[in-house]
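See structure below.
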Amino acid sequence: MSAATQSVPAAARLPVEQRFPLRVWDLCVRLTHWGMALSIFVLAGTGYYLGRPFIVVPGAARDHFVTGNVKAVHMYAAIVFAISVLARLAWMLLGGRYASWRQFVPVTRTRMKRFIETVRFYTFLRVDGPGEVGHNPVAGVAYLAVYGLCLVQIATGLALWGASASPDTVLHAFAGIATWLGGLQITRWIHHAVMWLLLGFFVHHLATCILMTRVEGNGLIASIFSGTKFVTREDLEREKREGGA
C-alpha cells in the first residue's frame, strides 16, 4: 500500500459498492444554494464597481448609462439573493430532516458531542472525518452564522436602495434602517465589509468541501448538483440510533 493511500482514512477507501446512495439535499436546498452562490458573485462584482467605477466611455453619460445598467443588474441579483436566503430559512422549518434547523443548531447532547469531535478533526486532533450524513455540527453552526451575515446584507442593501427610491414607494420606508445604523456612510461600509466576509467564506467553504470529499469519499461536492451522497452502513446505523439528531 502506498504512502498516499495510507494517508486517507479507512472510510474514504471503501469501494463504491460498499456505500449506499442516499438523497440528502432536496430540490429546494439545491436551488436556494445555487441562487445564493451565483447571485453573490454578481452582487460582489457589480457592487465593487458601484463603489469604485472604473469603466470610462467617451461622450455624455446619458448616451451610455453604464453605471445605471450595472446598478440595475445589481438590484435584480439582490432580489434573487434575498428570495434564496429567505426561502432557505423558511425551508429550515418546513423541509425534511437534512434541511431542518436541527442540522444547524446543536440542541441535543449527541449533537453537541459530535460538534466537539468535529472540532477535534478540524484541529488535527482526530484522524477520521465526522462521517455525517447531512451537515456536520460545526458546518451547521458556521452556515447559521453565514445566514446571519446574509440577513445583514439584505437589510443594509434595502436601506441603500430605499435611500434612492421615490418617496411614494414602499422601498423608501427601508431608508430608516440607515438612520438607525448611524447614516448612509456607515450602512454602506457595513454592506461592503459583509461582502468581503461572504467571499472569504466561499474560499473556506470550497476548500473544506474538497477536503471532506477526499477524506470521507462520500461525493460531497457532486451531491450539491445531484442531491445524492454515498454513505456507509455505519453512518446510517449511527444516525438511526441517534434519531437523526
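The values are calculated or read from the model by the stated rules, or taken from the named source; none is laboratory data. The structure presented is a predicted model; accordingly, all values stated were derived computationally and were not measured. Cβ coordinates were reconstructed from backbone atoms using ideal geometry, including for glycine residues, and neighbour counts include every protein chain displayed.
Miscellaneous remarks
- Condition met for Thr208 (hydroxyl-bearing (Ser, Thr, Tyr), surrounded by 14 or more Cβ atoms within 10 Å (Cβ to Cβ), under 14 Å from Gly129 (Cβ atoms) and free of Cβ contacts under 8 Å to residues at least 12 places away in the same chain): no
- When the range 40-73 is filtered for residues that are farther than 17 Å from Ala193 by Cα and either in a helix (DSSP H, G or I) or of a type in the set (Ser, Thr, Tyr) (or both), the ones remaining, listed by number, are Ala61, Arg62, Asp63, Val66, Thr67, Gly68, Asn69, Val70, Lys71, Ala72, Val73.
- Counting only residues that are in a helix (DSSP H, G or I) and either under 20 Å from Tyr48 (Cα atoms) or in contact with a strand residue (DSSP E or B) (Cβ under 8 Å, 6 or more places away or on another chain) (or both), the range 180-221 holds 21 of them.
- Residue check: Trp25 meets all listed conditions (1) assigned to a loop (DSSP other than H, G, I, E, B); (2) at pLDDT 95 or above; (3) out of contact with any His (no Cβ under 9 Å at 6 or more places or on another chain) but one, namely (3).
- Residues that are of a type in the set (Phe, Trp, Tyr), loosely packed, with under 15 Cβ neighbours inside 10 Å and more than 18 Å from the chain's Cα centre (by Cα) within the range 73-115 comprise just one, Tyr76.
- Pick from the range 132-154, criterion assigned to a helix (DSSP H, G or I) and touching a Ser or Thr at 6+ places or on another chain (Cβ under 7 Å), ranking: surrounded by the most Cβ atoms within 10 Å (Cβ to Cβ): Pro137
- Output for the range 84-138, where each listed residue is of a type in the set (A, V, I, L, M, F, W, C) and in contact with a strand residue (DSSP E or B) (Cβ under 9 Å, 6 or more places away or on another chain): Val133
Let's see how each residue does on (1) free of Cβ contacts under 8 Å to residues at least 24 places away in the same chain; (2) closer than 17 Å to Gly131 by Cα; (3) surrounded by fewer than 18 Cβ atoms within 10 Å (Cβ to Cβ):
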residue: Ala175; (1), (2), (3): yes, no, no
residue: Ala178; (1), (2), (3): yes, no, no
residue: Trp189; (1), (2), (3): yes, no, yes
residue: Ala193; (1), (2), (3): yes, no, yes
residue: Trp196; (1), (2), (3): yes, no, yes
residue: Gly200; (1), (2), (3): yes, no, yes
residue: His204; (1), (2), (3): yes, no, yes
residue: Met212; (1), (2), (3): no, yes, no
residue: Asn218; (1), (2), (3): no, yes, no
